[in-house]
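The block underneath contains the structure these notes are about, expressed in structure tokens.
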Amino acid sequence: MPKRKNSHRDPAWEAIHSGWGIIVRHPLFAPMADWAHTPLRDDSCPADGWATIDSNGQIHTHRTRRATPEEWAWVFAHLLIHLGLGHAERDLPEPDQATSTANDVAVNRYLQSLKLGTPVVELPSDFPAMDEDALARLWRRAGVPAEYERLGVAGHVPDVHTARWNGWGTPPNWAELFAAGLSAAAAAAVEVAGGARSSLTAGGGGRDKWDLALGWFVSSYPLLGAIAASMTVVADAELARGWDIRVAAVNASAGEIYVNPLTSLTLSEWRFVMAHEMLHAALRHGERVGGRDPYLWNVAADLVINGWLVEMGVGTLPDGGLYDPALKGMSAEEVYDRIATDLRRYRKLATLRGVGLGDVLGHPLPHSGEAARAAGLDDIYRRALSTGLAYHDPARGTLPAGLVEEIRALDHPPLAWDAQLARWFEEHVPAVEKTRTYARASRRQSGTPDIPRPGWIRPVELERLPTYGVVLDTSGSMDRELLGEALGAIASYSRARDVPAARVVYCDAAAYDAGYVPVDDIAGRVKIHGRGGTVLQPGVDLLERAEDFPAHGPILLITDGQCDVVRVRREHAWLIPRSTSLPFTARGPVFRVE
């Protein structure tokens, strides 16, 4: 017996779903559609109507009516515009005929200019230019003209009725969502006029779902809304193929998210991807890599971010996404330290860019219309996240403690390198303490000039004067501006700590001992020898073995980072350019010169 095909197929219900899909993909209605509920078929819709909507965004369609998807799209657009224009927020619980008809006129007048779908009511040849409030007052006095009586989609009852809010938190602000949709539709219209996209609605396969996902954060998720507004999505298949981008990648300096338009994800998955890449950029993961392995650091940041997003319920984690609930509550630095012990396993994992490739890019990818590098990125991202945290709606759930800590940490940026260097001097190069003595009396108090008082003196014993060592990279790759700025800061802090001289060793291919150099001469009158390759270990060894250098004297190493591994067996610190990193894990503090 042949098998019956499509035995449970319901063409009427399929048309409703297809019509709703047109609305969801339209930039004007996408923000409201995210908050509205999927249409239901029940008996609450009148027999002579098409559909109704309540103030919560729930649409009730006729149970048996058959129509095309374009007709249902027009009906749904009509109902959502009612909400956007505030017709569900009237003081009158049951609007009279004049008010209901005037509202329908305002909606259809707007919808006629939109040219979306197929109208299901007979529209008049012309609409009054008055607003709905003025029309309602006029028609209450003179009566509703016959040609305007049946312009709604709910038959003999009003299209919209108020309902008690049955969700968590505060109900949606339909007017704000409608305004966000208007802004998105205007931007999309400009792109259509310029040829960047073929139509306002998304093409086949949901190719514009990433735009809808990013727009959702602007209109409906304050925590990341400000960041989403500053980001640009670059959807270029050739670019994605050339740079091996499987799903997405981000560059914080350009404010661009690169997506592969050939990747098929749901709208919920695209929301997850957009949030993932925005957090990478906002938390400056590309700048925080330091001396770590860039790919393993990217994997560690992915595991932390994905854990936060799953906990917050933002979108849906795509198949193959990195997620380990055992790492909950850990920072990216802690996760990195854990996974660094199992390199074979974690190097086989895939980020959103692909296996062995990080989705945090260090430079913008070249493409047509490439964005200029942004200025003041730290301030932009810090303010965006801090503002989003302040406006986060508790109705959307609590935020992970680790994410809140990182956002609040952005409000307290790290100390500048020179301030950190000053603290290091204060800790490891103690200042000479002054003492009072009657051997040198002081009579500086004018009120009692005849009373001798003890004066301040500094110890004169040579062995008690503080000092420190400087190992200076003088190789050909060393920047002279870096040398000048670093040595100037060292000289000023040395004078502040009453250090008379510092032991200086120059290093390139060999070590050159300059002996004790007065701090006033360090900044401007230092004569540099060599300028060959970079080998710093002999300079460190020379200081550690020198009989005239204190056994506990700290060492300050100044280099551009292009050096071999250095082992220092006493207190030490590094001064390097901000844009570079050491090729090994430093045991002492690292100060990055701006």
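Structure notes:
- Förster radius 41 Å - calculated FRET efficiency between HIS156 and THR387 (Cβ-Cβ, nearest 0.05): 0.30
- Spin-label model distance (nm) - GLU149 vs GLN537, 7 Å beyond Cα toward Cβ: 9.9 nm
- One chain, two ends: GLU427 and SER268. Fully extended at 0.36 nm per residue, the span grows by 52.0 nm beyond their Cα-Cα distance.
- The HN-Hα couplings worked out from phi for the range 260-270 by the Karplus form 6.51 cos²θ - 1.76 cosθ + 1.60 (θ = phi - 60°) are 8, x, 8, 7, 9, 10, 6, 4, 5, 5, 5 Hz, whole numbers, x standing for Gly and Pro.
- Applying 1/(1 + (r/R0)^6) with r as the Cβ-Cβ distance of ALA189 and ALA229 and R0 = 22 angstrom yields a FRET efficiency of 0.75.
- Sorting TRP174, TRP270 by the number of Cβ atoms found within 10 Å of their own Cβ, with the fewest placed first, yields TRP174, TRP270.
- The range 148-190 and the range 221-257: distance between their alpha carbon centers, rounded to Å: 30 Å
- By other beta-carbon atoms within 10 Å, ranking THR341, THR559 with the fewest at the front produces THR341, THR559.
- Where Rh is the Kirkwood radius over Cα pairs, Rg/Rh for the range 1-150: 1.02
- Mean separation of Cα contacts under 8 Å (6+ apart) over length of the range 466-593, as relative contact order %: 27 percent
- Directionally averaged shadow of the range 280-338, computed from the convex hull of its alpha-carbon atoms, nm²: 4.2 nm²
- Amide hydrogen neighbours beyond the local backbone of ILE555, cut-off 5 Å, H modeled: GLY469, HIS572, ALA573
- Per-pair calculated FRET efficiency, R0 = 30 Å: HIS37 and GLU176 via Cβ, rounded to 0.05: 0.95
- Ascending count of other beta-carbon atoms within 10 Å, so fewest first, for LEU543, LEU317: LEU317, LEU543
- Computed from backbone phi, the HN-Hα couplings of the range 32-48 come to 6, 5, 5, 9, 6, 9, 4, x, 10, 9, 7, 8, 6, 7, x, 5, 9 Hz, rounded to whole numbers (Karplus: 6.51 cos²θ - 1.76 cosθ + 1.60, θ = phi - 60°; Gly and Pro given as x).
- Gained length - ASP498 relative to ALA409, 0.36 nm times residue gap less alpha-carbon distance: 28.6 nm
- Fraction of alpha-carbon pairs over 16 Å apart in the range 254-375 - percent: 62 percent
- Cα-projected label distance for ASP131 with TRP13, points at 7 Å along beta-carbon direction, nm: 4.3 nm
- Sequence-distant residues sharing a close amide H with PHE591 (under 5 Å, placed H): TRP574, LEU575, ILE576
Quick note: the coordinates plus some simple rules give every number you see, no bench work behind them. Just so it is clear, the model here is predicted, and its values are computed rather than measured. Because the Cβ atoms are built from the backbone with ideal geometry, glycine has one as well, and the counts that use them run over all protein chains shown.
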